[in-house]
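**Student:** Once you've had a glance at the structure underneath, I'll fire off some questions.
The values are calculated or read from the model by the stated rules, or taken from the named source; none is laboratory data. It should be emphasised that the depicted structure is a prediction, and the values quoted were computed from it without experimental measurement. Reconstructed Cβ throughout: ideal geometry from the backbone, glycine too, with neighbour counts over all protein chains shown.
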Amino acid sequence: MTVTTPATRAANTVHTGRMAASVGLAVRSLRNIRRLPSTFLPAVLMPIFQAIAFAGTFFAITQIPGFPTDRSINWFMPLAVVLGSGFAGIGIGLAMVRDIETGFYDRIRMTPAPRSSLITGPWLSALARSLIVTSAVVAVGMLFGARLSGTIVGLLPLYVAGLGVATIGTGWALGLAFLFRDMRGAAIMQLTLFLVLFLTEAQAPIMVMDGWLETVARVNPFTYILRLARSGFLTDTPTRDILLGLGAIVVLSSLTMSFARRQLGRLDR
Amino acid sequence: MPDSPIVAEGLVRHFGSADDVVKAVDGVDLEVRPGEIFGFLGPNGAGKSTTVRMLATLLRPTGGVARVAGFDVVAEADGVRRNIGVALQDAAIDPLMSGRELLKLQAVLYGLPPSRHAERAAELLERVGLSAAADRRVGTYSGGMRRRLDLALSLIHEPVVLFLDEPTTGLDPMSRISLWEEIRRLNADGTTVLLTTQYLEEADQLADRVAIIDHGVIVREGRAADLKAEVGSPTLLVVVDDDKLDVAAGVLARFGELRPSAEGTLGVGLADGPSLVSAVVRDLDEAGVMVKNLELHEPSLDDVFAEATGYRLEGAT
Amino acid sequence: MTSGLTISHRAQTWAMSRRSITGLRRQPALVIPSMVFPLFFCALGTASFGRAIDLPGFPDVDSYLDFALAGAIVQGILFGSVVSAVGLATDIENGFFDRLLAAPSTRPGIVIGRLASGMTYGAFQTLFFTVVLIPFGLTIRGGVPAVIAMMVAGVFVALAVGGLMGSMAIRTGSSEAVQGAFPLLFVALFFSSAFFPRETMSGIYGALADLNPISYMVEGLRDLVIVGVTWSALFRAIVIPATMAAATVALALHSLRKRVAAS
């Protein structure tokens, strides 16, 4: 029996590049979403529906004195983008729970791919999904009368908000997936994101709110991310709000992404 | 030995909280020699899979150390991963992807140069006989096909060490034999193989050396032939009526030490060899015990196992 | 012979109902969304749209809460109906249903038992939401008679939706398919006056809401709360869902007959 030493086997001495591994995992994620129509279609159709349904049902809300726009679609379309992007991140978390439960994730963990790429890969997929959802919702929104308050540059904060919330959602969902390793994590990630996105200026501006919701919305960083998202479609969004929104994205993204990374490290305990 | 492909010292793995601990692996020492097939034999729950998962960097040991392919499994996990291939008990596959896509993903994650991905995938698909099904979704594959793909996935980077966790459990005899041949072929190319199994025949047929694990510890280790010789005397298995079991046991005990056997049978080690068989039957007859069935077994791994653990691995003789 | 079978029918139906209800109690995870979500949106809406009630087109209410209760009840019943239907589909999936068919049990009883639990739940949700929201400022102008009428309405709405989802469960035999149909119901709820008055909507959206029977059902329920017990309110709140229930239950029984004939 000949014994082959490691050095003579070319294949197993190569270091796996972080970027290559991330892209490989992202491609897999995007391809799989397309192949499961029960997850893909709702992911795009729900935000479109939400934009239209909220704008149609609460059409009259713009008549409240001082409302920052005269078209309800301008108010609700960015909300739909944020909801859709957040749930794109959750979708990544759900896919991760599935991978862990089926044992496929063991296979991925046994490869020499850098651990960071195990997070960045799915994250890239979530970003791509956010771009798709945002574009689809904007297209439909425009058809239903959404109008930018300024130039086309106003679309940029909307896309940035979408990418930001997708990042936050991904970090949170992945962390929970690694922590719970089963469908309990799935339930929690959906519920928490839903709550935190709605306890904001989701439905109405703070100026018309009463009591408890006003207090909660004021301290909820997602209120400012929503303001960032809406800034291109409303009149006179103060720079302060835009900066707070960007700041909230940066801070929450770092927190949730490090949560995910830390939980990944504990998967072997 | 500094260049042993697998070395473990005092490997321990506990699950659960302090007051409710499950000691899945409770102090395992291992040393696998370069180029050998090492068999890890034991029943379900013995700690085989847990040991493999620790060596494969999937599970952090609670205690002890292990080095695979020269790298520490905890501190140098990436080094281990680059050099090992693993096929676990349940084929770890993604039903939405095709066989070819899965192999290519593996190639990416193992850092193979992109120009080699397609070629290497095709090579392995051919080798495990999945070329025809390569572009179908893995969800449509049969159980046997999934196992074969799992094996292919573990070989993408030509590992020096291969871990196979119960590779033939649930397979039909044809597939089992064909997998054995593949394992022998891989081993002939120089791959060190550690395989876990609950099948005595598999350990007997494939392994150069065997370790018997029970309740998280290794109870016997060595070459199969040596272990059998240690048991020494052949086992005489006798089937009698249930109400005569005690009487028969008394008779048999005069001929050698009683050995564990299946329900309703009695086993005795005939220290002075097979010539005693007629004496046993005569004495049983004189004691009024009718022998319903009688078998004489040269020592097998089954006997080694029974002697080491106190019970038989596979229910029947 | 007939009276013997009749008693057996009733007993079987009762047993099936109890099984469904026990099933509901044992799975709080399924029940909670149908209780918590509608109440959450009620609370959210009241805090967000407090000033909206002064807008033209809004009925005369003291608070958005009075306006929102009806929509919350219908929403809760929709969510809850999925649970019963998924239970039925699961029974079919794992073969329990075929066993029921093989036994000398009453065929309609199998379905009606499930629907009965949905109806009980619908009445319960109506009462629960009303009672829970009173400390938060809810005023029922119609008083106790209105609440009773609302519970009757809740029963029929639950029956109507339950019959529809039930036929879906029987036809597809798949709990996934039933869960997938739920979003469509949710969409239908939104294209109605469940959350805001129809009078404030415009264009195609308003037209759809005008055509949607859910709008009238909700408005009937709402009038019981904010106006009182009137014939118009009773008609819209009870007769409309009762009529729909008759149709959907017939559909469910028809689907059952077809399934039995096919097996």
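**Student:** Can you tell me which condition C:Met150 does not meet? The list is (1) in contact with a Lys or Arg (Cβ under 8 Å, 6 or more places away or on another chain); (2) closer than 22 Å to C:Met35 by Cβ, and all the others hold.
**Tutor:** It is condition (1) that C:Met150 fails.
**Student:** If you don't mind, another one. Going through the range A:78-110 one residue at a time, which ones are under 19 Å from A:Ala260 (Cα atoms) and among the polar types (S, T, N, Q)?
**Tutor:** Across the range A:78-110, the qualifying residue is only A:Ser85.
**Student:** Return yes when A:Ser130 is in a helix (DSSP H, G or I) and buried (at least 21 other Cβ atoms within 10 Å of the Cβ) and no when it is not.
**Tutor:** Numbers: in a helix (DSSP H, G or I): yes; buried (at least 21 other Cβ atoms within 10 Å of the Cβ): yes.
Answer is yes for this residue.
**Student:** Right, another one. Mind checking whether some residue in the range A:141-148 is in contact with a Gly (Cβ under 9 Å, 6 or more places away or on another chain) and aliphatic (A, V, I, L, M)? Give the steps one after another, and end with the answer.
**Tutor:** From the range A:141-148, those in contact with a Gly (Cβ under 9 Å, 6 or more places away or on another chain) are A:144, A:148; that's our starting set.
Next, from what is left, pick out any that are aliphatic (A, V, I, L, M): A:148.
Looking for residues that are in contact with a Gly (Cβ under 9 Å, 6 or more places away or on another chain) and aliphatic (A, V, I, L, M), one finds at least one in the range A:141-148, hence yes.
**Student:** Go through the residues of the range A:213-227 one by one and say whether even a single one is away from every other protein chain (no Cβ under 13 Å), among the hydroxyl-bearing types (Ser, Thr, Tyr) and either part of a helix (DSSP H, G or I) or surrounded by fewer than 23 Cβ atoms within 10 Å (Cβ to Cβ) (or both).
**Tutor:** Within the range A:213-227, one or more residues are away from every other protein chain (no Cβ under 13 Å), among the hydroxyl-bearing types (Ser, Thr, Tyr) and either part of a helix (DSSP H, G or I) or surrounded by fewer than 23 Cβ atoms within 10 Å (Cβ to Cβ) (or both).
**Student:** What about A:Ala26, is it of a type in the set (Gly, Ala, Ser), more than 10 Å from every other protein chain (Cβ to nearest Cβ) and either closer than 30 Å to C:Phe58 by Cβ or surrounded by fewer than 22 Cβ atoms within 10 Å (Cβ to Cβ) (or both)?
**Tutor:** On the way: of a type in the set (Gly, Ala, Ser): yes; more than 10 Å from every other protein chain (Cβ to nearest Cβ): yes; either closer than 30 Å to C:Phe58 by Cβ or surrounded by fewer than 22 Cβ atoms within 10 Å (Cβ to Cβ) (or both): yes.
Considered against the rule, which asks whether it is of a type in the set (Gly, Ala, Ser), more than 10 Å from every other protein chain (Cβ to nearest Cβ) and either closer than 30 Å to C:Phe58 by Cβ or surrounded by fewer than 22 Cβ atoms within 10 Å (Cβ to Cβ) (or both), A:Ala26 comes out as yes.
**Student:** Take the residues in the range B:1-41 that are among the small types (Gly, Ala, Ser) and free of Cβ contacts under 8 Å to residues at least 24 places away in the same chain, then tell me which one is nearest to B:Arg220 (Cα to Cα).
**Tutor:** Within the range B:1-41, the subset among the small types (Gly, Ala, Ser) is B:4, B:8, B:10, B:16-18, B:24, B:27, B:35, B:39.
Pick out the ones that are also free of Cβ contacts under 8 Å to residues at least 24 places away in the same chain and you get B:16-18.
On the way: B:Gly16: 28, B:Ser17: 30, B:Ala18: 30 Å.
Filtering first and then ranking leaves B:Gly16.
**Student:** Would you please name the residue that is modelled with the lowest pLDDT, looking only at residues in the range B:71-97 that are more than 7 Å from chain A (Cβ to nearest Cβ) and surrounded by fewer than 20 Cβ atoms within 10 Å (Cβ to Cβ)?
**Tutor:** B:Gln89
**Student:** Here is a further query. If you go through the range B:32-70, how many residues are within 14 Å of chain A (Cβ to nearest Cβ), farther than 18 Å from B:Gly16 by Cβ and among the small types (Gly, Ala, Ser)?
**Tutor:** 5
Residues checked against (1) in contact with a helix residue (DSSP H, G or I) (Cβ under 6 Å, 6 or more places away or on another chain); (2) of a type outside the set (Lys, Arg); (3) outside the structural domain of B:Gly42 (by TED's automatic domain parsing):
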residue	(1), (2), (3)
B:Ala122	no, yes, yes
B:Arg185	no, no, no
B:Glu201	no, yes, no
B:Gln205	no, yes, no
B:Ile218	no, yes, no
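**Student:** Of the residues in the range B:128-140, how many are under 30 Å from the mean Cα position of the chain (by Cα) and outside any helix (DSSP H, G or I)? Working first, answer last.
**Tutor:** Pass one, the range B:128-140, residues under 30 Å from the mean Cα position of the chain (by Cα): B:128-131, B:133-134, B:138-140.
Checking which are outside any helix (DSSP H, G or I) leaves us with B:128-131, B:133-134.
Counting residues in the range B:128-140 that are under 30 Å from the mean Cα position of the chain (by Cα) and outside any helix (DSSP H, G or I) gives 6.
**Student:** Kindly indicate the residue of the range A:180-212 that is aromatic (Phe, Trp, Tyr) and more than 16 Å from A:Tyr224 (Cβ to Cβ) and also nearest to the chain's Cα centre (by Cα) among those meeting that condition. Explain how you work it out, then say what you get.
**Tutor:** From the range A:180-212, those aromatic (Phe, Trp, Tyr) are A:180, A:194, A:198, A:212; that's our starting set.
The next check asks that each one be more than 16 Å from A:Tyr224 (Cβ to Cβ); those that pass are A:180, A:194, A:212.
Values: A:Phe180: 20, A:Phe194: 12, A:Trp212: 27 Å.
Once the filter is applied, the top-ranked residue is A:Phe194.
**Student:** For the range A:50-72: of the residues being surrounded by fewer than 18 Cβ atoms within 10 Å (Cβ to Cβ) and free of Cβ contacts under 8 Å to residues at least 24 places away in the same chain, which is nearest to the other protein chains (Cβ to nearest Cβ)?
**Tutor:** Going through the qualifying residues, I end up with A:Gln63.
**Student:** For residues that are hydrophobic (A, V, I, L, M, F, W, C), touching a residue at least 12 places away in the same chain (Cβ under 8 Å) and in a helix (DSSP H, G or I), tally how many sit in the range B:168-205.
**Tutor:** So in the range B:168-205, the residues hydrophobic (A, V, I, L, M, F, W, C) come out as B:171, B:174, B:177, B:179-180, B:183, B:186, B:188, B:193-195, B:200, B:203.
From the residues that got through so far, the ones that are touching a residue at least 12 places away in the same chain (Cβ under 8 Å) too are B:171, B:179-180, B:183, B:186, B:193-195, B:200, B:203.
Filter again for in a helix (DSSP H, G or I), leaving B:179-180, B:183, B:186, B:200, B:203.
Here the count works out to 6.
**Student:** Identify the residue in the range C:46-70 that is of a type in the set (Gly, Ala, Ser) and crowded, with 24+ Cβ neighbours inside 10 Å and, among all such residues, is nearest to A:Phe58 (Cα to Cα). Can you show your working first?
**Tutor:** Pass one, the range C:46-70, residues of a type in the set (Gly, Ala, Ser): C:47-48, C:50, C:52, C:57, C:63, C:68, C:70.
Checking the rest, the ones that are also crowded, with 24+ Cβ neighbours inside 10 Å come to C:48, C:68, C:70.
Details: C:Ser48: 11, C:Ala68: 13, C:Ala70: 17 Å.
That would be C:Ser48.
**Student:** Sticking with this one: Only one of these conditions is not met by A:Leu45: (1) without any contact (Cβ under 8 Å) to a residue 12 or more places away in the chain; (2) under 30 Å from B:Gln106 (Cα atoms); (3) aliphatic (A, V, I, L, M). Which number is it?
**Tutor:** (2)
**Student:** Return the residues of the range B:206-252 that are among the β-branched types (Val, Ile, Thr) and assigned to a strand (DSSP E or B); say none if nothing qualifies.
**Tutor:** Kept after step one, since they are among the β-branched types (Val, Ile, Thr), are these residues of the range B:206-252: B:210, B:212-213, B:217-219, B:231, B:235, B:238-240, B:247, B:251.
Passing the criteria: B:Val210, B:Ile212, B:Ile213, B:Val217, B:Ile218, B:Val219, B:Thr235, B:Val238, B:Val239, B:Val240.
**Student:** Of (1) at pLDDT below 70; (2) closer than 20 Å to C:Phe124 by Cα; (3) away from chain A (no Cβ under 12 Å), C:Pro38 satisfies all except one. Which?
**Tutor:** Single failed check for C:Pro38: (1).
**Student:** Considering the range C:44-54 alone, what residues qualify as being assigned to a helix (DSSP H, G or I), over 17 Å from A:Thr192 (Cα atoms), facing another protein chain (nearest Cβ under 8 Å) and among the hydrophobic types (A, V, I, L, M, F, W, C)?
**Tutor:** C:Ala47, C:Ala52
**Student:** Which of (1) of a type in the set (Phe, Trp, Tyr); (2) surrounded by fewer than 21 Cβ atoms within 10 Å (Cβ to Cβ); (3) modelled with pLDDT of 95 or more is the odd one out, the single condition A:Phe144 does not satisfy?
**Tutor:** Every listed condition holds for A:Phe144 apart from (3).
**Student:** Looking at the range C:147-228, what helices (runs of 4 or more DSSP H) fall wholly within it and have at least 3 residues that are under 30 Å from A:Leu36 (Cβ atoms)? First the steps, then the outcome.
**Tutor:** On the way: elements: C:175-190, C:203-211, C:213-226.
Output list reads C:175-190.
**Student:** On to the next question. Scan C:Ala188, C:Ala181, C:Ala177, C:Ala160 and give me the residue that is within 29 Å of C:Gly87 (Cα to Cα), of a type in the set (Gly, Ala, Ser) and more than 14 Å from every other protein chain (Cβ to nearest Cβ).
**Tutor:** Details: C:Ala188 fails: more than 14 Å from every other protein chain (Cβ to nearest Cβ); C:Ala181 fails: more than 14 Å from every other protein chain (Cβ to nearest Cβ); C:Ala177 fails: more than 14 Å from every other protein chain (Cβ to nearest Cβ).
After ruling out the rest, the residue left standing is C:Ala160.
**Student:** Here's a follow-up. Please pick out the residue among B:Val80, B:Val68, B:Val108 that is assigned by TED's automatic domain parsing to the domain that holds B:Val25, β-branched (Val, Ile, Thr) and without any contact (Cβ under 8 Å) to a residue 40 or more places away in the chain. Give the steps one after another, and end with the answer.
**Tutor:** On the way: B:Val68 fails: without any contact (Cβ under 8 Å) to a residue 40 or more places away in the chain; B:Val108 fails: assigned by TED's automatic domain parsing to the domain that holds B:Val25.
When all the criteria are applied, what remains is B:Val80.
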